[in-house]
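First comes the structure, then the notes that go with it.
Quick note: the coordinates plus some simple rules give every number you see, no bench work behind them. Please read these numbers as outputs of a predicted model, since none were measured by experiment. Neighbour counts are summed over all protein chains in view; Cβ atoms, including those assigned to glycine, are modelled from backbone coordinates with ideal geometry.
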Amino acid sequence: MKKESVTNSLWFLLGFLVFFNFYIVILPFEKPPRVTDIIGCLVTMFVLLRLNIVMEIKFHIFDFLYLVAISLWLMKDLLIIGPSSLIITFRWIIAFMIGLVIARVPFQSTYRYKVMVGMVCGAAANIVVILLQINGNFDSMVALGLGSRDSWYANIGSSIRYAGLFEYPNALALVTSISLPLSLGLVQEFRKPFWVVIVGFCITALGCGLTYTRAPFIVSCLLMLIWLLNGQKKQVIRNVMIICAIMSIILLFGLPGGEDRWSDSVYIENNKNDRLSSNMDALELLVKNPFGLGALFKDQVNFAVHNAYLQLGLMAGIPFLGFTIFQIFRAIQKSFFLKGSELWVALTLALNFFFEEHLTNPTIVILIMWIVFAPKSRLNLEIDSLNKSKPIGRLPIR
């Protein structure tokens, strides 16, 4: 019993730390690593040491080729661009390992439940961090590893957009917004009460509101609408209560970013033009450099490309971008029929990637690997060490 409790705690901690991805400042590096860097290295070491067990796992050929593609990206950056890009590709490789481990957790098991709850709690912990930063503790939080030394923050009127554990505010908003699809999964897979969805939406609303970010909030509302419309007739009362609670939250706290960011036609028009211009410039740069520029692409854009797909193309090249889009599309397609939590997470990421650069964020990259592997893992053999996990959920709601 004690061993089982420790194992459950470790799975919860893994989910929590993937989202609460702080810096380990006690290590003597110019730029301290994140906790997922250490976890990824430990997982990679375990894979190498237990290679005989890993080789027994049934992998899809596309997953193996995807690891090869990431490795080729790493070698290309090392030989052509130099070490400045290696941290990005290194994090993609260790994200591959962490995502694979999470994906191999048996469906509707205690371990999977603990991982998902840990992720939601990690998202909520990010809210605590940004609240402390807003209250004047930014430098102290960075010194503790609870903030990035390279973070930037902009003014929205008289307010400052802090970034929490990340380098820019939009990253925090997206990470906290993942709590909503995870909450939908907890209700769908494990039949948790509907108030779990309200908690997920509150975390999302707070994350978007405190960072003055709109896109993740819009995507989350769209996701909620799809989920509610997908419900059965006997769930009408529950759905009405959820809608009323969400509207109450919006009326109480207001829309993320303040009314001006939603109603000021001049601001909206300028923002739209800036984003379209940055997208077109990035697309033109990508056509000229179809095999990518690594991290150096930042030196050739004015500010940002405001699109994660273009960002990945500029970093890794069009072939790798196409392969990644193909993998995400396959994951969404398979998750749709399997009715797992990964479907909601995949849709959230895929839609948000149109509005901002997110693919140097280790948390997001780990989630990509999870959703890519998970649907196929549910149809394949599971890792022997996880076979003792006991199902705690019932058949997902269809």
Problem - Karplus 3J(HN,Hα) series, Hz, for segment 38-47 with 6.51 cos²θ - 1.76 cosθ + 1.60 (x for Gly, Pro) - result: 5, 4, x, 5, 5, 5, 5, 4, 4, 4
Practice task
Could you sort out which of 76/298; 31/288; 31/114; 114/192; 192/334 sit more than 21 Å apart by Cα distance in this structure?
Solution key: 31/288; 31/114; 192/334
Handout entry: Cβ-derived FRET efficiency at R0 45 Å, residue 4 paired with residue 273, nearest 0.05
Key = 0.20
Exercise for the section: Take peptides 303-315, 138-150, 182-194 and line them up by average Cβ neighbours within 10 Å, highest first, as a rough protection proxy. Expected result: 303-315, 182-194, 138-150
